[in-house]
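In what follows, a structure is listed as structure tokens, so that the remarks can point back to it.
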Amino acid sequence: MGRTLYEKVWDAHAVAQGPGGRTLLYVDRHLLHEGSFHAFSALKASGRTARRPDAALATPDHYVPTRERHPIADAELRDKVETLDRNAHENRITLFGLRDRRQGIVHVIGPEQGITQPGITLVCGDSHTATHGAFGALAFGIGASEVTHVLATQSLWQSRTKTLRVTVTSRLREGVHAKDLILALIAKIGAAGGTGHTLEYAGEAITALSMEGRMTVCNMSIEAGARAGLIAPDDTTFQWLAGRPYAPHGTDWERALARWRALPTDADARFDREVTLDGGSIAPMATWGTSPEHGMPVTGAIPDPASEADPVRRAGMERALTYMALQPGQRLEGIAVDRVFIGSCTNSRLDDLRAAAEIAKGRKARVPTLVVPGSGLVKRAAEAEGLHRVFMDAGFDWREPGCSSCVGMNGDLVPAGQRCASTSNRNFEGRQGKGARTHLMSPAMAAAAAVTGAITDVRQLMAGGETGR
């Protein structure tokens, strides 16, 4: 019987078998950010330094301000960044610091630099490490003690997961993006639908996506409860990687291509589960509640908890509606927002900014709107195309790279009670700040919300309507 992509990568990195069916996996790449300080402290206390500093890369992203950052005014944030600088230096780990033009969100710079490659194992102390699976890499988030273990040994004990193939047939329609696709999947299978599994995405809609779109899809695999998400590498993948700083070059590139082309799942391989979506039927999506599974077409109405048979899910829906100050049956489209955030490791790449700028061009923001590129290189590329001028002319706030208001730990907070249209990956209670109310959507949908002041079907603006001008 043939093997899946997941099985091929797993088998190639298995070092030893341990008790309870666990496997010691070799780790090819290790990405680090400011949240790694506990792990470095434990490593130092044990008298060790990083075993393979050449396999690691560090950058500040979670705690960095997106303005006024030289120096950082807030002492606590400044300490987190300086601690990462010191830990990287002491362990001879390459650092893209705040003054480095390559600095950015860790899940943006890994692929951007060609560090992320097909067939490798990659870890980071962040749940959205699943992003890198877009390249056919087995990538997943790890905890602080596991970060220490990888720093010390370049390996990690793991349990094999089950496999779930998600086939998305038919190409996405105009105005529908990768973010809509993954929100539609999570709405279908639930926030726990992928628990205990690694997801592999396949089908016409997936292969038609750009690498940026594929990263968006894999990024949110964790929001379906999955351990990781994978997409088989193909010519789109190889074209993205060619010539990047850390990618193979010359004869090494040709050898790498030969290995990578053997990675896709064999035709006779079997998955533990299969799910199918019709990509052509997916509409622009937005969330109404406090879980990524609370997503629905923007043209829909908020569901009534009374129609939910499961008492636990019903109670969750009721709590979400109370927190979000919404009512069953209320139309999603037209709900007023107080602010907009375009950024995060899910949607801060050049393609994302282009999609948002297309909607913002010639219009004016009706609410405060942050646009935060995923890296210094993304920022410069966007500025070279004049995207920053489109945003600023529309009254959007163009910032420096970082995680920003995806997570309330760096100063870019959403005030309590305010409603934010966000391109990030999570809408839990308090995610963007205590009492903040978050609606997840694509960059194009977020830009539409910015120029209309409400959740809006972006297709209305694409059709040449005057809304928001």
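The values are calculated or read from the model by the stated rules, or taken from the named source; none is laboratory data. What you are looking at is a predicted structure, and each value in this text was computed from that prediction instead of being measured. Neighbour counts are summed over all protein chains in view; Cβ atoms, including those assigned to glycine, are modelled from backbone coordinates with ideal geometry. To get the accessible areas, we keep the full protein, side chains included, count just its heavy atoms, and leave off ligands, DNA and RNA. Shrake-Rupley method; radii C 1.70, N 1.55, O 1.52, S 1.80 Å.
Miscellaneous remarks
- Boolean, Ala454 is small (Gly, Ala, Ser) and surrounded by fewer than 24 Cβ atoms within 10 Å (Cβ to Cβ): yes
- Leading residue by the ranking (least open to solvent (accessible area, probe 1.4 Å)) among those in the range 266-292 that are farther than 30 Å from Ala355 by Cβ and part of a loop (DSSP other than H, G, I, E, B): Ala269
- Residues located in the range 143-189, provided they are part of a loop (DSSP other than H, G, I, E, B) and within 30 Å of Gly47 (Cβ to Cβ): Gly143, Gln154, Ser159
- Matching residues in the range 418-454 - criterion: being farther than 14 Å from Met324 by Cα and either in contact with a Leu (Cβ under 6 Å, 6 or more places away or on another chain) or not in a loop (DSSP other than H, G, I, E, B) (or both): Ser422, Pro443, Ala444, Met445, Ala446, Ala447, Ala448, Ala449, Ala450, Val451, Thr452, Ala454
- Residue within the range 63-85 that is open to solvent by less than 10 Å² (accessible area, probe 1.4 Å), under 21 Å from Met409 (Cα atoms) and part of a loop (DSSP other than H, G, I, E, B) present: yes
- All conditions but one from (1) closer than 18 Å to Gly143 by Cβ; (2) open to solvent by 10 Å² or more (accessible area, probe 1.4 Å); (3) of a type in the set (S, T, N, Q) apply to Thr23; the one that does not is (2).
- The range 86-117, subset open to solvent by 40 Å² or more (accessible area, probe 1.4 Å) and over 17 Å from Thr66 (Cβ atoms), residue farthest from the chain's Cα centre (by Cα): Glu90
Every residue, every condition in (1) within 20 Å of His62 (Cα to Cα); (2) open to solvent by less than 20 Å² (accessible area, probe 1.4 Å); (3) in contact with a strand residue (DSSP E or B) (Cβ under 6 Å, 6 or more places away or on another chain), yes or no:
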| position | (1), (2), (3) |
| --- | --- |
| Cys124 | yes, yes, yes |
| Thr131 | yes, yes, no |
| Val147 | yes, yes, no |
| Val150 | no, yes, yes |
| Val168 | no, yes, yes |
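- Test: residue in the range 380-393 that is outside any helix (DSSP H, G or I), within 16 Å of Arg67 (Cα to Cα), open to solvent by 50 Å² or more (accessible area, probe 1.4 Å) and modelled with pLDDT of 95 or more: no
- Per the listing Met317, Met296, the residue uniquely surrounded by 21 or more Cβ atoms within 10 Å (Cβ to Cβ) and either within 22 Å of Gly435 (Cβ to Cβ) or at pLDDT 95 or above (or both) is Met317.
- Test: residue in the range 37-56 that is touching a Leu at 6+ places or on another chain (Cβ under 8 Å), surrounded by 18 or more Cβ atoms within 10 Å (Cβ to Cβ), within 16 Å of Thr148 (Cα to Cα) and among the hydroxyl-bearing types (Ser, Thr, Tyr): no
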